[in-house]
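Q: The structure follows.
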Amino acid sequence: MSLFVNIISLTVVFAVPLMLVALGGMFSERSGVVNIALEGIMIIGALCSCFTLKAFHTSGFGPKFPQLAMFLAVLVAAVAGMIFSLLLAFAAINLKADQTIGGTALNTFAPAFAIVLTWAIQGQGISTIQIPSWIRIRASDFGLTNLNPIIKTLFFKYSYMTTPIAIVILIVSYIVLYKTRFGLRLRACGEHPQAADSVGINVYKMRYAGVLISGALGGIGGLAYIVAVGSGFNSNVGGYGFLALAVMIFGNWKPFYIAGSAVMFALFKVIAAYHSVIPFLPDLGSLKEKSSLYQMLPYIVTMIVLIFTSKKSRAPKAEGIPYDKGQR
Amino acid sequence: MKKRKPLAENAALISLLASIMSILIGLLIGFIVLLIVNPGAAVEGMAAMLGTGFSSPDKFGKVLYQAAPLLLCGLSVGFAFQTGLFNIGASGQYTIGAFFALYGAIVFQLPWWACLLLAMVGGAFWGIFPGLFKAFFNVNEVITSIMFNWIAMYLVNLLIANTPMILASAWGATNSDRTAALAAANPGAILPQGYILARLFGGSTWINISIVIAILAAIVIWFVLVKTTFGYELKAVGNSKEAARYAGINANRCVIQSMVIAGALAGLAGGLYYLAGTVQYVLEKSVLAMGFNGIPVALLANSNPLGTIFSALFVSYIQVGGSSMQPNFSSESVDIIISVIIYLAAFALLMRHIIVKLLAKKKERRAKA
């Protein structure tokens, strides 16, 4: 039972970065800009927020007000991600550049920049930024001392502020996308920008908004990934940015579907990491490197789903196509 | 009388200038970043990056050794570009190619040339998936390629770990997380040094015939694209799928063929790199960077197969230089420069387009007057 609960809480903490980043990708693509730079955006968000946490730690501010410090770190991650994503927005929207190539450039830049900066700040060869332990939310923070161990594992073993923030963002995303004027306009720009423009919507502005939102969510997702892994920031986010793309496609560019598929993909990741202690998995005999098998499954499942859904795919129609006012 | 083309209409010259510009801007921005993070060592670091490649025959041998797979990955990406496809999956095709080559070398005990053929088969096999998905299910090849990169990496981990005979531990070493050293398992699978190259680079352990094979491949690909009907069809599909279809070209077949050839090229790259005998395939945790580095190589060359030879040499040159920037800077610093080059290339096409448009307008005006 405790193992089962442990898996649930681990799945949640790993689903958070996937969901946040996939939602970010959704906003960008719904506005018509393909964002394969999510991996790079995550790295920049994680880089800046981890240094922020470290600074709070050494200044003594962090241990004193842990959750306030963590909240500020989340904001730093969001802002850093937004600034970095401006590079993609500028290339894709103003210069009408190839969005995939632009994204590849950002993905190449981010890990290299992260290592160079980490070395410069921490000293040569010290590539890992340690994250402080006070960022975790503890049961004692709420005055809860003698909790049922199962409840304690479920809610407080891996609880970080990023989880409630992610839930709020999910709900807000849904409302923004489907219940506001902004969301309707954003979606119009991803489906038929010419039509949107003809009724007075500023397509460039909406696309900037889409990319910037994806930058903010990608940045927060980067921090969420680092707290989920727990071993510090090492200039990479383990391919979660690319996995988030798969989550977004699997979730059919819709917020709650994305949340569901993030949980499923996270479960695969957790099984891959803990398969040796999970009893109810199929017996694979003496197969070695079983974790690779479980790591591979979400990608394969995504491809199979793409085969069956491609005919009625909900992918935004105009994604990846630069908008040119003069074009008909 | 044959009229000489005005300079500004010479597409090759414009491309070359654009590439040199983006290299210079890349170097400048890289230098500025180094200057900001570590002012004291920046000049020394840049000097190491730009000077190391030519510093000794051994280092230059290493430049050529790394340039060979880069060149093939660049060809792979560039070839797909010509058909309007973005092959971000060169990494996965490269990984599968490397596995096929090593499997042939260690398990089947084949000679090197047979292993290289196997590598091409492996890469082509992996390249066909994005092609099929694009042609039959209209799934964007970028998405398929990204997914198949990760599938390739995990699959190869799985296959190597479960093939006892391919592991180093079966051939007198203790590690079971990597493939056997070819010197122990099958010296006949190691690429020959080549008589002339061995004389030229007497002391270098890096040099072998891989660079010659890669350059030959570039020439073959150039020939196919420029001189054959098949190449013309592929380019027609790249320019406009609908127009090509209207002209009676089977666009779907072209997409698949293009991806298969691109995959074979990337697979060959994997074979060349791992059959040199200097490296062993270690179980990986993230997608191999070599395939991604084919992207800047192709972009710098504007997808021209012959230009790819030079852009691969350049990228390899600064990468070899980058590894001697330590301890002041990590070798990844080079990637900052490469990323700037890619970023600029993203709208280089647009810049060329603008130049062409301006020229056309000028002509129109002249015609009116």
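The values are calculated or read from the model by the stated rules, or taken from the named source; none is laboratory data. Bear in mind the structure is a predicted one, so any value in this text is a computation, not a measurement. Glycine also receives a Cβ, built like all others from the backbone with ideal geometry; neighbour counts cover every protein chain displayed. These accessible areas exclude ligands, DNA and RNA; they are computed on the full protein's heavy atoms, side chains included. Shrake-Rupley method; radii C 1.70, N 1.55, O 1.52, S 1.80 Å.
Q: Using a probe radius of 1.4 Å on heavy atoms only, what accessible surface per residue do you get for region A:149-243? Whole Å² is fine.
A: Heavy-atom accessible area per residue stands at 41 Å².
Q: I need the calculated FRET efficiency for the pair residue A:59 and residue A:126, taking r as the beta carbon distance and R₀ as 22 Å, to the nearest 0.05.
A: For R0 = 22 Å, the calculated efficiency reads 0.65.
Q: Mind pulling the angle between the C-alpha long axis of helix A:255-274 and the longest principal axis of chain A? Nearest 10 degrees, somewhere in 0 to 90.
A: Orientation of helix A:255-274: about 40 degrees from the principal axis.
Q: Within 14 Å, Cβ to Cβ, of residue B:243, how many net charges do the neighbouring residues add up to if Lys/Arg are +1 and Asp/Glu are -1?
A: Residues close to residue B:243 contribute a combined charge of +1.
Q: Now for a separate question. Can you give me the three principal axis dimensions of region B:47-325 from its C-alpha atoms, in Å, biggest first?
A: 60, 43, 33
Q: Follow-up question, since we're still on this one. Does region B:79-165 come out rounded, prolate or oblate, given a ≥ b ≥ c as the square roots of the eigenvalues of its C-alpha gyration tensor, rounded meaning a/c under 1.5 and, failing that, prolate meaning a/b above b/c?
A: prolate
Q: Using a 1.4 Å probe on the protein heavy atoms only, what accessible surface does residue A:289 show? Give it in Å² to the nearest 10.
A: Surface accessible to solvent at residue A:289 totals approximately 70 Å².
Q: Another one. Dipole of chain B, Cα-centred, from +1 at each Lys and Arg C-beta and -1 at each Asp and Glu C-beta, to the nearest 20 debye?
A: The dipole of chain B has a size of about 1940 debye.
Q: Next question. For region A:162-273, calculate the relative contact order in percent as a whole number, restricting contacts to Cα pairs under 8 Å that are 6 or more residues apart.
A: 19 percent
Q: Averaged per residue, what accessible area in Å² does region B:47-325 show with a 1.4 Å probe, protein chains only?
A: Spelled out: the 1.4 Å probe surface of region B:47-325, per residue, equals 36 Å².
Q: In addition: Please give the Cα centre distance for region A:199-273 versus region B:250-305, rounded to the nearest Å.
A: For region A:199-273 versus region B:250-305, the Cα centre distance is 28 Å.
Q: Next question, about the same structure. If you line up the long axis of helix A:240-250 against the longest principal axis of chain A, both from Cα atoms, how many degrees apart are they, to the nearest 10?
A: Roughly 60 degrees between the two axes.
Q: Continuing with the same structure: Kindly express, to the nearest 10 degrees and within the range 0 to 90, the angle between helix A:99-122's C-alpha long axis and the longest C-alpha principal axis of chain A.
A: With both axes taken from Cα atoms, the answer is about 40 degrees.
Q: Here's a follow-up. Got a sec? Charge dipole of chain A, +1 on Cβ for Lys and Arg, -1 for Asp and Glu; which of A:33, A:132, A:255 is way out at the positive end?
A: With unit charges placed on the Cβ atoms, the residue in question is A:255.
Q: Quick one: dipole size for the protein assembly as shown, taken about the Cα centre, charges +1 on Lys/Arg Cβ and -1 on Asp/Glu Cβ, in debye to the nearest 20.
A: With only Lys, Arg, Asp and Glu charged at Cβ, the dipole is about 2280 debye.
Q: Where does the protein assembly as shown land at 222 nm, in deg cm²/dmol rounded to the nearest 500, when only DSSP H runs of n ≥ 4 count, each adding -39500 (n - 2.57), divided by all residues?
A: Calculated mean residue ellipticity at 222 nm is -23000 deg cm²/dmol.
Q: Which three semi-axes in whole Å describe the equivalent ellipsoid of region A:123-255, each the square root of 5 times a Cα gyration tensor eigenvalue, listed largest first?
A: 37, 21, 12
Q: Along the charge dipole of the protein assembly as shown, Cβ charges K/R +1 and D/E -1, which of A:298, A:92, B:196 sits furthest on the positive end?
A: Working it through, the farthest residue towards the positive pole turns out to be A:92.
Q: Here is a follow-up. Mind ranking A:39, B:242, B:233 by accessible surface for me, highest first, 1.4 Å probe?
A: B:242, B:233, A:39
Q: If I build a Gaussian network model for chain A, linking alpha-carbon pairs within less than 10 angstrom, which residue out of A:178, A:274, A:240 has the largest mean-square fluctuation?
A: Looking only at A:178, A:274, A:240, the largest GNM fluctuation is found for A:274.
Q: For the pairing of chain B with chain A, what total accessible surface becomes buried, with a 1.4 angstrom probe, in square angstrom to the nearest 100?
A: The contact between A and B buries close to 4000 Å².
Q: Please compute the modelled spin-label separation between residue B:47 and residue A:86, points set 7 Å along Cα→Cβ, answer in nm with one decimal.
A: The modelled label-to-label distance comes out at 3.6 nm.
Q: I would also like to ask the following. Largest first, how would A:90, B:108 line up by accessible area (1.4 Å probe)?
A: Sorted by accessible area, descending: B:108, A:90.
Q: Taking the Cβ of residue A:230 as the center, what net charge do the other residues with Cβ under 13 Å away carry, scoring Lys and Arg +1 and Asp and Glu -1?
A: +2
Q: Right, here's the next one. Quick one: pull the percent of accessible area on the protein assembly as shown belonging to carbon and sulfur, 1.4 Å probe, ligands and nucleic acids left out.
A: 67 percent
Q: Let me ask something additional. Please give the net charge around residue A:159, taking every other residue with its beta carbon less than 12 angstrom from that of residue A:159, where Lys and Arg add +1 and Asp and Glu add -1.
A: +3
Q: Now for a different question. Set the Förster distance to 56 Å, then compute FRET efficiency between residue A:151 and residue B:177 from the Cβ-Cβ distance, nearest 0.05.
A: Computed FRET efficiency for residue A:151 and residue B:177: 0.90.
Q: So what is the orientation-averaged projected area of the protein assembly as shown, using the convex hull of its C-alpha atoms, in nm²?
A: The Cα convex hull of the protein assembly as shown, projected and averaged over all directions, gives 35.4 nm².
Q: Hey, another quick one. Do any of B:134/B:241; A:254/A:317; A:325/B:363; A:290/B:285; A:179/A:254 go past 18 Å between their Cα atoms, and which?
A: From the list (B:134/B:241; A:254/A:317; A:325/B:363; A:290/B:285; A:179/A:254), the Cα-Cα distance tops 18 Å for A:325/B:363.
Q: Using a Förster radius of 56 Å, what is the FRET efficiency between residue A:300 and residue B:184 based on their Cβ-Cβ separation? Nearest 0.05, please.
A: 0.95
Q: For region A:103-213, with only Lys/Arg (+1) and Asp/Glu (-1) charged at the beta-carbon, what is the dipole magnitude about the Cα centre, in debye rounded to 20?
A: That gives a dipole near 260 debye.
Q: Projected onto the charge dipole of region B:47-325 (+1 at Lys/Arg Cβ, -1 at Asp/Glu Cβ, origin at the Cα centre), which of B:162, B:216, B:267 gives the Cα projection farthest towards the positive end?
A: My answer, from the dipole projection, is B:216.
Q: Moving on to the next point. Let a ≥ b ≥ c be the square roots of the eigenvalues of the Cα gyration tensor of chain A; is it rounded (a/c under 1.5), or, if not, prolate (a/b larger than b/c) or oblate?
A: The shape class here is prolate.
Q: Can you grab the distance from the C-alpha centre of region B:76-109 to the C-alpha centre of region A:278-328, Å, no decimals?
A: Their Cα centres are 21 Å away from one another.
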